[in-house]
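Participant: Sharing a structure with you now.
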Amino acid sequence: MNTSHIDVGLARYSDWAFTSALIVLVIALLLLAVELAYSRTRALAESELVSVGVRADSATPGVVLAEPRRPLGERVGRAGLALVYLGIGLLLACIVLRGAATARPPWGNMYEFINLTCFSGLVASAVALRRPQYRSLWVFVLLPVLILLTVSGGWLYATAAPVMPALQSYWLPIHVSVVSIGSGVFLVAGVASVLYLLRSSRLGDPDTPGVLARLVRRLPDAQTLDRIAYRTTTFAFPVFGFGVIFGAIWAAGAWGRYWDWDPKETVSFIAWIVYAAYLHARSTAGWRGNKAAWINVVGFVAMIFNLFFVNLVTVGLHSYAGVG
């Protein structure tokens with residue numbers, strides 16, 4: 001394999017950025033989990049006034065007013081969120097440095113594709129979960145992201161190198177990046193739908209005992225989770241659809257036909273149809289709520305199946321690439 005155009009130093013920095021991002025996001029997950037565990041006492045803590053300094057009231061001389069201190073759980077959670085943003089920056093640095101090292105779009109193999117998908121999911125989460133009351137949802141977003149990144153770095157890692165001739169096309173940065181962005185945003189929608197189903201189940205009932213029930217009740221209400229799932233799916237659906245269309249155009253030039261019912265093409269199309277059914281169900285009164293959420297979860301499962309099983313196990317026209 002020709003590595004004459006590979007900058008080994010930049011490639012090494014990219015690997016360091018990936019490892020650093022993984023470590024930072026793990027710490028962020030732990031801190032945010034601590035906040036979620038302490039959120040039960042947040043309302044009580046916020047009602048207490050803890051003095052953090054002496055401040056004289058100019059209107060009432062001699063009176064010392066106490067100022068509220070943020071609860072411990074909230075302070076830990078804010079620190080965890082700051083680390084999430086740092087981890088996003090480090091993952092972006094990993095992607096950019098890999099591209100600079102190889103002088104090509106940095107999504108030419110499964111390792112790079114998953115990194116870009118996770119980055120897209122994290123950025124989408126940063127937008128969708130920007131309100132402080134949504135911070136507890138980061139725990140459930142980071143779990144699948146960290147699993148994907150661990151698999152990416154541990155089993156799918158590929159050294160920096162040029163892509164094979166079949167992938168040396170201007171459609172590579174267009175098709176793969178668009179599919180990756182759509183997949184990353186669908187990850188957020190899938191997590192939100194799973195949590196919606198939990199929140200609207202018996203576990204969300206105040207009278208249901210158990211640790212899991214208490215944890216579920218600390219999440220935002222079911223309507224909020226449903227709204228997050230719907231909005232993120234609405235954004236990702238056309239993006240992913242364009243990715244499929246761009247892939248068909250690329251296939252026409254590379255293989256002489258737009259569609260060949262390749263396993264990757266087929267499952268991608270099925271996933272897109274499932275998400276179309278979800279959006280249609282959300283606009284139909286009889287299929288809103290749990291029924292629509294289950295459809296979204298099925299679409300999410302299809303995306304994960306497409307990402308791993310179809311790419312790594314089945315044999316098809318996409319097997320040699322392992323991407324997109």
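Participant: Does S177 count as more than 11 Å from the chain's Cα centre (by Cα) and under 21 Å from Y275 (Cβ atoms)? I'd like the intermediate steps shown before the answer.
Facilitator: Details: more than 11 Å from the chain's Cα centre (by Cα): yes; under 21 Å from Y275 (Cβ atoms): yes.
Against the criterion (more than 11 Å from the chain's Cα centre (by Cα) and under 21 Å from Y275 (Cβ atoms)), S177 qualifies.
One line per residue, one yes/no per condition, for (1) within 22 Å of S180 (Cα to Cα); (2) crowded, with 19+ Cβ neighbours inside 10 Å; (3) under 23 Å from the mean Cα position of the chain (by Cα):
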{"residue": "T232", "(1), (2), (3)": "yes, yes, yes"}
{"residue": "A248", "(1), (2), (3)": "yes, no, no"}
{"residue": "P263", "(1), (2), (3)": "yes, no, no"}
{"residue": "A271", "(1), (2), (3)": "yes, yes, yes"}
{"residue": "L279", "(1), (2), (3)": "yes, no, yes"}
{"residue": "A293", "(1), (2), (3)": "no, yes, yes"}
{"residue": "V297", "(1), (2), (3)": "yes, yes, yes"}
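Here's the yes/no breakdown for (1) small (G, A, S); (2) more than 27 Å from the chain's Cα centre (by Cα); (3) at pLDDT below 90; (4) part of a helix (DSSP H, G or I):
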| position | (1), (2), (3), (4) |
| --- | --- |
| A37 | yes, no, yes, yes |
| A43 | yes, yes, yes, yes |
| E46 | no, yes, yes, yes |
| T60 | no, yes, yes, no |
| E74 | no, no, yes, yes |
| G80 | yes, no, no, yes |
| I88 | no, no, no, yes |
| G99 | yes, no, no, yes |
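Participant: Let me ask something else. Quick one: V179 ticks every box in (1) under 28 Å from I249 (Cα atoms); (2) in contact with a Pro (Cβ under 9 Å, 6 or more places away or on another chain) except a single one, so which number is it?
Facilitator: Looking at each condition in turn, V179 falls short on (2).
Participant: Still on this structure, I have one more. Quick check on G286: is it more than 23 Å from A128 (Cα to Cα) and without any contact (Cβ under 8 Å) to a residue 12 or more places away in the chain? Full working, then the answer.
Facilitator: On the way: more than 23 Å from A128 (Cα to Cα): yes; without any contact (Cβ under 8 Å) to a residue 12 or more places away in the chain: yes.
Spelling it out, G286 is indeed more than 23 Å from A128 (Cα to Cα) and without any contact (Cβ under 8 Å) to a residue 12 or more places away in the chain.
Participant: Report the residue count in region 118-148 for those that are buried (at least 23 other Cβ atoms within 10 Å of the Cβ) and not in a helix (DSSP H, G or I).
Facilitator: 0
Participant: Quick one: in region 152-173, of everything that is free of Cβ contacts under 8 Å to residues at least 60 places away in the same chain and part of a helix (DSSP H, G or I), which residue is surrounded by the fewest Cβ atoms within 10 Å (Cβ to Cβ)?
Facilitator: P165
Participant: Which residue out of P173, P106 is touching a Gly at 6+ places or on another chain (Cβ under 6 Å) and not basic (K, R)? Before you say what the answer is, go through the steps one by one.
Facilitator: Values: P173 fails: touching a Gly at 6+ places or on another chain (Cβ under 6 Å).
Answer to the selection: P106.
The values are calculated or read from the model by the stated rules, or taken from the named source; none is laboratory data. It should be emphasised that the depicted structure is a prediction, and the values quoted were computed from it without experimental measurement. Cβ: placed from backbone, ideal geometry, glycine included. Neighbour counts: every protein chain shown.
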